[in-house]
Amino acid sequence: MNSIQLRQFIRDVLNEDVGSGDLTTESIVPVNHKSVAILLAKQEGVIAGLLVAEMVFQELDPSIRFTMLVKEGERVSKGTEIARIEGLTRTILTGERVALNLLQRMSGIATLTRQLVDLVEGLPCHVLDTRKTTPGLRQLEKYAVRMGGGTNHRFGLSHGVMLKDNHIAMAGSIQKAVEAVRKRVGHMVQVEVEADTLEQVKEILMVDVNAILLDNMSVDTLREAVRMIDGRVWVEASGGITPETIRGIAETGVDAVSLGFLTHSAQALDISLDFVEELEGDSWQ
């Protein structure tokens, strides 16, 4: 998501939440009242999305001072102050929920990703995300995966060919499906084909592909598939991979594992916004 797209996205989500105004804040807080607030990690995790949170507050008021106290992708302990916000109290209160929603969501994804990356440490195996993302949040969620040490799979349908079982059924065979896409997209586009069985792996190896997705295979079957492929194409394992099984799957020799739950099931990291100091301006009440 480029800066123009991100700014428009932030405007859209602020409009959704704020609408014609923050009735509560505007009823209580004087126009020129200023404060200092901190963003506090309430649990251990990996931080992602501070840049986005900053843009939320500055979209409401460019004079807001947002100071990051940790780096994007940094692992923090419970109780760590991760950012300091200084400026008009109305702006801080109005932007609080949108900023926290995005920051908590992205940090949760980064934290879960880091846990999985740590589980395959020492192995030449990438941890990939998928297209199972929240509609409208794909770019931010995939950024969070990178902050957690993971690797992005394709961003969308136009960023590579992946032939799955339904595509193959429509084409009539793996060979016909690959020939059809090669004719359309040319040699510069990567083509990956899904295989559910060792017989399909054999068939795929007879056509012009760049990668094979081994779907929902047992560890023993994965190991045999990797032996058959013998480094001729890039190999990805997917389907039902959990923290308990990821190490064993990675040890079969696959180049990567892909996990939809990195983005569709990550739990938001608990982060709070707390006011710590009043600055100049009229009193709060």
Collect the residues in region 31-54 that are in a loop (DSSP other than H, G, I, E, B) and either open to solvent by less than 30 Å² (accessible area, probe 1.4 Å) or among the acidic types (Asp, Glu) (or both), keeping them in residue-number order.
33, 44, 47, 48, 49
With respect to the numbered conditions (1) open to solvent by 30 Å² or more (accessible area, probe 1.4 Å); (2) outside any loop (DSSP other than H, G, I, E, B), which one is the sole condition not fulfilled by residue 116?
(1)
Sort out which residues of region 217-246 are charged (D, E, K, R) and either more than 18 Å from residue 191 (Cα to Cα) or without any contact (Cβ under 8 Å) to a residue 40 or more places away in the chain (or both), and write them in order of number.
220, 223, 224, 227, 230, 232, 244
Which of the numbered conditions does residue 107 fail, given that it passes all the others? Conditions: (1) assigned to a helix (DSSP H, G or I); (2) over 18 Å from residue 147 (Cβ atoms); (3) of a type in the set (Ser, Thr, Tyr).
(2)
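Regarding region 145-154, can at least one residue be identified that is in a loop (DSSP other than H, G, I, E, B), open to solvent by less than 30 Å² (accessible area, probe 1.4 Å) and over 22 Å from residue 119 (Cβ atoms)? Working first, answer last.
Residues of region 145-154 that are in a loop (DSSP other than H, G, I, E, B), as a first pass: 148-150, 152-154.
Subset that is open to solvent by less than 30 Å² (accessible area, probe 1.4 Å): 148, 150.
With over 22 Å from residue 119 (Cβ atoms) added as a condition, the list becomes none.
Looking through region 145-154, none of the residues is in a loop (DSSP other than H, G, I, E, B), open to solvent by less than 30 Å² (accessible area, probe 1.4 Å) and over 22 Å from residue 119 (Cβ atoms).
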Inspect region 101-108 for any residue being farther than 20 Å from residue 133 by Cβ and hydroxyl-bearing (Ser, Thr, Tyr) and give the result as yes or no.
no
Top-ranked residue in region 55-109 [being crowded, with 21+ Cβ neighbours inside 10 Å and among the basic types (Lys, Arg); ranked as farthest from the chain's Cα centre (by Cα)]:
90
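The values are calculated or read from the model by the stated rules, or taken from the named source; none is laboratory data. Quantities reported herein were computed from a predicted structural model and do not represent experimental measurements. Note that each Cβ is placed from the backbone with ideal geometry, even for glycine, and that neighbours are counted across all protein chains shown. Protein only, heavy atoms only, side chains kept; ligands, DNA and RNA dropped before computing areas. Shrake-Rupley method; radii C 1.70, N 1.55, O 1.52, S 1.80 Å.
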